[in-house]
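**Student:** Just dropping this structure here.
The values are calculated or read from the model by the stated rules, or taken from the named source; none is laboratory data. Everything numeric in this text was worked out from a predicted model, so none of it was measured. Cβ: placed from backbone, ideal geometry, glycine included. Neighbour counts: every protein chain shown. For the accessible areas, the whole protein counts, side chains as well, though only heavy atoms, and no ligand, DNA or RNA atoms are used. Shrake-Rupley method; radii C 1.70, N 1.55, O 1.52, S 1.80 Å.
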Amino acid sequence: MIYGRGLRASEASGLDLVDLYRNAKAPRFGRYGMVHVRKAKGTKGSGPRRRNVASIMPWAVEALEDYVVNVRPRTASPPTPPCG
């Protein structure tokens, strides 16, 4: 996520499954076409902002899908409600 989509470590650590969704302009990526970053870096003196990041590298989508399907179920704690 960090390298393949250009996210900061703090942005990637705040992601959850509800932040993954389809990109109508890139249907080949399925539910991993867009990532909604809820805690992106804001400007000086402001709080965090929100942004959407589109998938453009197929290998990054494949790696994310592999993580969600194979790794996360073994390591994830119980789901928590999304932050506002």
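**Student:** Just the accessible area per residue of the chain, please: how many Å² with a 1.4 Å probe? If you can, show how the numbers build up before the last one.
**Tutor:** Details: 5880 Å² over 84 residues.
Value returned for the chain: 70 Å² of accessible area per residue.
**Student:** Which one of VAL37, TYR3, VAL61 has its Cα pushed farthest toward the positive end of the charge dipole of the chain, where Lys and Arg give +1 and Asp and Glu give -1 at the Cβ?
**Tutor:** Ranked along the dipole, the leading option is VAL37.
**Student:** Ok, one more. Carbon and sulfur together cover what percent of the accessible area of the chain at a 1.4 Å probe radius? Numbers along the way, then the final one.
**Tutor:** Working: 3380 of 5880 Å².
That share works out to 57 percent.
**Student:** Hey, another quick one. Report the gain in length on full extension from ARG22 to THR43: 0.36 nm times residue separation, minus Cα-Cα distance, nm rounded to one decimal. Please report the intermediate quantities before stating the final value.
**Tutor:** Working: separation 21, 0.36 × 21 = 7.56 nm, distance 2.80 nm.
Additional length available on full extension: 4.8 nm.
**Student:** So for the chain, considering every pair of alpha-carbon atoms, how many percent are separated by more than 16 Å? Present the calculation step by step, with values, prior to reporting the outcome.
**Tutor:** Numbers: 1881 of 3486 pairs.
Of the Cα pairs, 54 percent sit more than 16 Å apart.
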